[in-house]
Amino acid sequence: MEYQLLSDELLVKLLRVDDEGAFREIYKRYLKPLNRVALNKLKSNEEAEEILQETFLLIWEKRATQNIDNLKAYLFASLKYQIIDHYKAQILAERYADFVFSKDIEPENSSESEMNFQEIIAIFEKSLRDLPKKTSQIFRMSRLENKTTREISETLHVPERTVEYHITQSLKSLRLQLKDFLPAGFLAFLSTF
């Protein structure tokens, strides 16, 4: 089949039924324009390449469930959200590093500090298990998998307000459970994303 002659609409239909040739044609057709945007926003070839690969990987993984009316618009929007997630992850890492350095935390190898750390992890895990199933799932997707509210909403087929509600509830519960074990600054830091 000569995929290059097919319209975007037909390529999307073929993609939904696992046609790898259609996916390769979408990749060839849109790689250069998406790469220009990624390079313009990220200023790094390596980061742009990584973001593009993630964007195309998500399209392949969600091929059967996504309702794509306009392939070009969908691809550019997907790229935009990948870039936003990339910057959010960088900001989170920088904030965490700033928090650690501002507290002059020195690494200790003592068994006491290891025991305290293990205790905090156990309490955190127990707190997550004690949350309602949906609340725990949404918290994990948001804070541990770094997914956006919109991505969670689409994945779980719930309104974005519902996602925000569950995140708020989980943070309240975790703050209450961990307040005696973690500095207030770290609990505030946990709430920022």
Residue in the range 75-82 that is loosely packed, with under 11 Cβ neighbours inside 10 Å and out of contact with any His (no Cβ under 9 Å at 6 or more places or on another chain) present: no
Is it fair to say ASP19 is farther than 24 Å from LEU144 by Cβ, surrounded by 13 or more Cβ atoms within 10 Å (Cβ to Cβ) and not basic (Lys, Arg)? yes
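Out of LYS134, LYS147, I need the residue that is at pLDDT 75 or above, within 29 Å of GLU61 (Cβ to Cβ), in a loop (DSSP other than H, G, I, E, B) and not assigned by TED's automatic domain parsing to the domain that holds GLN66. Which one?
LYS147
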Considering each residue of the range 24-49, count those that are surrounded by 18 or more Cβ atoms within 10 Å (Cβ to Cβ) and farther than 24 Å from ILE84 by Cα, and give that number. 1
Could you tell me whether LYS103 is modelled with pLDDT of 70 or more and of a type in the set (Lys, Arg)? no
Applying the selection to the range 64-86, what residues are of a type in the set (D, E, K, R) and part of a helix (DSSP H, G or I)? LYS72, LYS80, ASP85
Residues of the range 28-40 classified as among the hydroxyl-bearing types (Ser, Thr, Tyr) and modelled with pLDDT under 95, total: 0
Kindly check whether there is at least one residue in the range 6-14 that is surrounded by fewer than 14 Cβ atoms within 10 Å (Cβ to Cβ), at pLDDT 85 or above, among the hydroxyl-bearing types (Ser, Thr, Tyr) and under 28 Å from LEU144 (Cα atoms). no
Going by the conditions given, is SER142 modelled with pLDDT of 85 or more and either exposed (fewer than 13 other Cβ atoms within 10 Å of the Cβ) or within 30 Å of LEU58 (Cα to Cα) (or both)? no
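The values are calculated or read from the model by the stated rules, or taken from the named source; none is laboratory data. The structure displayed is predicted, hence computed values, not measured ones. Heads up, the Cβs are rebuilt from the backbone with ideal geometry, glycines too, and the neighbour counts pull from every protein chain shown.
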